[in-house]
């Protein structure tokens with residue numbers, strides 16, 4: 001039978017599988033969904049709300065988009081009365097990043113989750129978006145159907161005839177029967193994509209090894225930052241199911257910039273074809289193919305350096321770490337003082353024990369001893385964020401008399417450990433034409449209320465001259481939810497430069513626009529807006545009952561949007577032979 005026929009049958013079966021029927025009164029034992037942090041979550045994670053409302057949506061269904069603001073209004077009205085709203089995305093083409101951006105786009109404070117397998121759809125008998133289900137405190141299904149009757153596929157009524165969802169919520173809160181327990185729902189039919197079909201033509205040697213070499217091996221090699229290597233058939237096949245899971249979700253390779261905003265040279269996102277090849281290869285049992293066609297695995301230095309340093313500065317003593325528990329930030333001054341103004345193209349922070357280092361920041365204290373965070377930051381290291389030298393002619397300045405210091409976030413491994421951090425420096429050998437500067441867009445005066453799932457913090461700065469952006473970088477702690485960099489120009493235009501819809505504390509990446517392509521004119525305001533999730537649903541939240549303020553420790557919070565740039569009118573002519 002032709003392959004296209006099988007594809008049609010698979011889509012048809014997928015559509016039928018989405019259609020189910022759970023009678024009113026059915027107790028929903030549990031469902032498993034994925035949150036915007038790629039974590040599996042169940043209804044148990046919400047405790048026992050008086051009412052649980054699940055709204056099934058996609059990012060593209062016109063009715064779902066029209067009704068999302070109504071759901072936000074209902075949440076604002078009923079959340080204080082013990083009603084928990086959830087939005088469950090069932091879009092076959094909506095990645096988890098898209099789900100997170102949907103929440104940001106509509107300022108929806110309630111959790112947005114993804115039904116990856118149709119588990120929730122089948123248990124609740126949902127067939128269309130934006131269909132809703134209302135469960136009582138015992139998780140008995142009390143209502144299934146439309147939000148109301150105002151919006152239809154063919155048009156809109158001037159006003160709501162019957163607010164079906166609202167009536168259902170009020171009845172359940174009052175301990176009454178829902179008068180109208182089912183209603184027809186207009187909208188888009190729920191269809192889940194077919195699972196990848198085996199196809200042995202796609203092999204490791206010819207199709208998969210090139211993808212792994214280009215997209216994964218930089219971290220997934222022996223001695224790399226990832227927990228296992230993917231540099232051979234044996235190693236890749238041993239982790240095949242995990243590869244399929246993280247590739248299917250869009251979790252790997254790690255990349256958090258929404259594709260609609262900005263273009264970045266270091267983008268790691270797989271192409272649709274690369275993703276399809278990997279999933280098909282796993283479904284086919286990981287065939288090897290002709291080993292002679294396999295490209296050689298990339299070679300990585302076993303010393304950990306991303307470049308050959310001109311100087312390596314090591315901490316004077318080892319740092320002892322406990323076996324378990326939380327480790328406060330450690331501060332270490334390196335035994336080194338800059339002897340003359342020194343221009344550097346790259347700096348790397350390297351742990352002697354990579355297992356214990358989460359991230360670290362390098363700063364310098366000037367000769368006068370007056371440290372300013374907004375002026376004296378140099379660089380940082382975070383998981384997966386490999387250092388890259390600045391282009392020839394650009395450099396950072398280490399001023400004469402400066403002393404280098406590290407702020408280090410360590411994690412425990414289950415046994416006592418030690419670490420002795422080092423800093424490697426790559427000097428600028430050619431004349432420096434432009435110095436790289438930075439600004440921090442932040443606010444240290446915020447107070448995040450207990451339980452707030454979407455608290456906004458804003459930082460902004462005006463550009464004093466025409467500049468070219470070299471890199472953007474966002475930093476928050478465990479409650480960070482999203483971050484957006486927006487430029488506001490003097491002519492009234494606004495432009496999103498970078499949007500991180502599902503910020504990750506573990507993958508704080510830098511984003512490098514193509515050289516000279518992201519420009520900000522004099523007078524432009526660069527704004528950074530971040531949201532924080534201080535709710536109990538945030539699995540990483542240290543204490544959802546606490547009012548959270550600015551602070552350096554992970555249990556505190558920070559909102560820092562970094563912009564690194566050069567001045568367009570600057571034309572230096574200087575060199576550095578060392579310091």
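Here are a few things to note about the model shown:
- Translational diffusion of region 114-155, µm² s⁻¹ [Kirkwood Rh, Cα pairs; Stokes-Einstein; 37 °C; 0.692 mPa s]: 279
- Chain lengthening between residue 160 and residue 339 when straightened (0.36 nm per residue, less Cα-Cα): 57.0 nm
- Equivalent-ellipsoid semi-axes of region 128-223, from the Cα gyration tensor, Å, largest first: 49, 19, 13
- Isotropically averaged projected area of region 311-432, using the convex hull of Cα atoms (one quarter of hull area), nm²: 7.8
- From helices alone, the chain scores -5000 deg cm²/dmol at 222 nm; the rule is -39500 (n - 2.57) for each run of n ≥ 4 DSSP H residues, then divide by the residue total.
- For region 3-189, dividing the convex hull volume of the Cα atoms by the residue count gives 121 Å³ per residue.
- Dimensionless Rg ratio for region 437-567, taking C-alpha atoms and the 2.2 N^0.38 Å reference: 1.09
- Inter-label distance for residue 413 and residue 302, nm, one decimal - labels placed 7 Å from Cα along Cα-to-Cβ: 1.8
- When the convex hull of its Cα atoms is projected in every direction, mean area for region 77-160 (nm²): 7.0
- FRET efficiency, 1/(1 + (r/R0)^6) with R0 45 Å, evaluated for residue 545 and residue 494 via beta carbons: 0.75
- Projected label points at residue 443 and residue 429, each 7 Å from Cα along the beta carbon direction, are separated by 4.7 nanometres.
- Here region 204-293 is described by how far its Cα atoms reach on the three principal axes: 40, 29, 23 Å, from widest to narrowest.
- Distance from region 328-381 to region 211-286 (C-alpha centre basis), Å: 32
- Spatial separation of Cα centroids for region 288-305 and region 77-151, in angstrom: 45
- For the chain, alpha-carbon Rg relative to the globular expectation (2.2 N^0.38 Å, N residues): 1.07
- Stokes-Einstein D (µm²/s) once Rh is taken as the Kirkwood radius of region 396-463 over alpha-carbon pairs, at 37 °C in 0.692 mPa s: 183
A short reminder: the numbers here are calculations on the coordinates, not readings from a lab. The shown structure was predicted, so the numbers you read here are calculated from the model rather than taken from an experiment. Counting neighbours? That spans all protein chains shown, and the Cβs are built from the backbone with ideal geometry, glycine included.
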